[in-house]
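Input: a single structure, listed below in structure tokens.
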Amino acid sequence: MHIQLQDLQLFVQIAEAGNLTRGAQRAFLSAPAASARMRALEDQLGAQILYRSNKGISLTKAGETLLHHARLILRQVDFLKDDFAGDDFGGHVRIFANTTAVTEFLPELLADFMAERPQLTVDLQERLTHDILRGIQDGTADLGIFSGEVDAGELEVIRFSTDRLLLATPRGHTLTARPEVRLAETLDYEHIGLHEGSTLLAFLRGLMEKNGYERALRIQVRSFEAMCRLVEAGVGIGVVPESAARRHARTMQLELVRLSDDWALRDRCVALRSRSALPRSARALVEALIQSGVGGDTGT
């Protein structure tokens, strides 16, 4: 049996995309070429690894087994490359992170981190918290960044800062007369939320439903900047991480009100399988997160 690493990489890309054509595009191959290589891989293994249909692909039991081994093999290859990267500190790091991390602090932190490591490549994807943890558990990602208390099982979880949520309102809004409010007290007003798939939206939607918010969100947007602009325009109010809220309040007509709910101040954490087993570049990134203290609560 002579399985090529390129075929394993292609298989993982197809499996994670759930679609042969999209997986082939990620590997810069045509769909027919990718399909031919997958059939050749099946011949090598003597087993069917993909179910193919008009709706896409799914993994057979043998395919699930191969996916597990392929991820381990490719990870070990990454470790090997990392160990021989020299002083350039190269390698590849895969990160799953929540909305706030992806939009607020990781871009700046990664820009500085990668400037010092010109050979390093990073795959950063926005995911929901349960997908972040599952990605670490099954080896899809090296690091997972999330906020709040979760059951991480046997994963190693390192707290590196805090994440406070504030209520953003237009200037002169009724709620700004109070120093702090509970989320339940804001539900008589129209709320603006983030897009579907956002970690923060999923978290807040559960709390809203629990507290009797039965209406649909007034509008959903792709960024905290867009949310704050709509708040400024009087379309509604919104729950925003403090870092984003204070940054946009400097240029927009906003009022920021503290949320008194216990969950409004959340630990920001990075999850991983084992810190000692990470490649050098990923270990260095964890250390950079810890040292930076990004997004920490200001106590205001």
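Which residue is nearest to A17 (Cα to Cα), if the candidates are limited to region 35-84 and must be loosely packed, with under 12 Cβ neighbours inside 10 Å and among the acidic types (D, E)? Across region 35-84, the extreme among qualifying residues is D43.
May I ask you to verify whether L29 is modelled with pLDDT of 90 or more, over 24 Å from Q137 (Cβ atoms) and touching a Lys or Arg at 6+ places or on another chain (Cβ under 8 Å)? Criteria met by L29.
Looking across V12, V93, one residue alone is closer than 29 Å to V270 by Cα and either among the small types (G, A, S) or not in a helix (DSSP H, G or I) (or both). It is V93. Within region 229-258, residues that are closer than 17 Å to Y213 by Cβ and outside the structural domain of E190 (by TED's automatic domain parsing) have Cβ atoms under 6 Å from residues that are modelled with pLDDT of 95 or more and assigned to a helix (DSSP H, G or I) in no pair, counting only partners at least 6 apart in sequence or on another chain. The residues in region 138-171 that are buried (at least 18 other Cβ atoms within 10 Å of the Cβ), in a strand (DSSP E or B) and of a type in the set (S, T, N, Q) can be counted, and the count is 3. Does A111 count as at pLDDT 95 or above and outside the structural domain of L67 (by TED's automatic domain parsing)? Taking the combined requirement at face value, the residue satisfies it. Restricting region 265-278 to residues that are touching a residue at least 24 places away in the same chain (Cβ under 8 Å) and out of contact with any helix residue (DSSP H, G or I) (no Cβ under 8 Å at 6 or more places or on another chain), the residue that is nearest to F96 (Cα to Cα) is C269. Just one residue in the set E214, E196 is at pLDDT below 90, out of contact with any Ser or Thr (no Cβ under 9 Å at 6 or more places or on another chain) and within 27 Å of Q125 (Cβ to Cβ); that residue is E196.
Residue-by-condition table, conditions (1) in a helix (DSSP H, G or I); (2) within 17 Å of G144 (Cβ to Cβ); (3) at pLDDT below 95:
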position: R258; (1), (2), (3): no, no, no
position: W263; (1), (2), (3): yes, no, yes
position: R266; (1), (2), (3): no, yes, yes
position: A271; (1), (2), (3): no, yes, no
position: S281; (1), (2), (3): yes, yes, yes
position: Q291; (1), (2), (3): yes, no, yes
position: G295; (1), (2), (3): no, yes, yes
position: T298; (1), (2), (3): no, no, yes
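Among the conditions (1) assigned to a helix (DSSP H, G or I); (2) acidic (D, E); (3) farther than 29 Å from I95 by Cβ, the only one that E225 does not satisfy is (3). Identify all residues within region 261-283 that are hydrophobic (A, V, I, L, M, F, W, C) and more than 19 Å from the chain's Cα centre (by Cα); write none if there are none. Of everything in region 261-283, those that are hydrophobic (A, V, I, L, M, F, W, C) and more than 19 Å from the chain's Cα centre (by Cα) turn out to be W263, A264, L265, A277.
Restricting attention to region 108-130, the residues that are more than 18 Å from H92 (Cβ to Cβ) and either of a type in the set (A, V, I, L, M) or surrounded by fewer than 17 Cβ atoms within 10 Å (Cβ to Cβ) (or both) total 4.
Taking every residue in region 47-67 that is over 23 Å from M1 (Cβ atoms) and pairing it with any residue that is surrounded by 12 or more Cβ atoms within 10 Å (Cβ to Cβ) and of a type outside the set (S, T, Y), at least 6 positions away or on another chain, the pairs with Cβ-Cβ distances below 6 Å are G56/G18; G56/N19.
Examine region 181-188 for a residue that is of a type outside the set (S, T, Y), in a strand (DSSP E or B), touching a residue at least 40 places away in the same chain (Cβ under 8 Å) and in the same structural domain as L278 (by TED's automatic domain parsing), and state whether such a residue exists. Checked against the condition, which is being of a type outside the set (S, T, Y), in a strand (DSSP E or B), touching a residue at least 40 places away in the same chain (Cβ under 8 Å) and in the same structural domain as L278 (by TED's automatic domain parsing), region 181-188 yields no hits at all. Against the test of being crowded, with 18+ Cβ neighbours inside 10 Å, in contact with a Gly (Cβ under 7 Å, 6 or more places away or on another chain) and of a type in the set (D, E, K, R), the options R218, R266 yield a single qualifying residue, R266. The listed residues are I73, I57, and the only one of them that is aliphatic (A, V, I, L, M) and either in a helix (DSSP H, G or I) or within 30 Å of R283 (Cα to Cα) (or both) turns out to be I73.
The values are calculated or read from the model by the stated rules, or taken from the named source; none is laboratory data. These figures come from a predicted structure and were not determined experimentally. Here the Cβ is made from the backbone with ideal geometry for all residues, glycine too, and neighbour counts use every protein chain on show.
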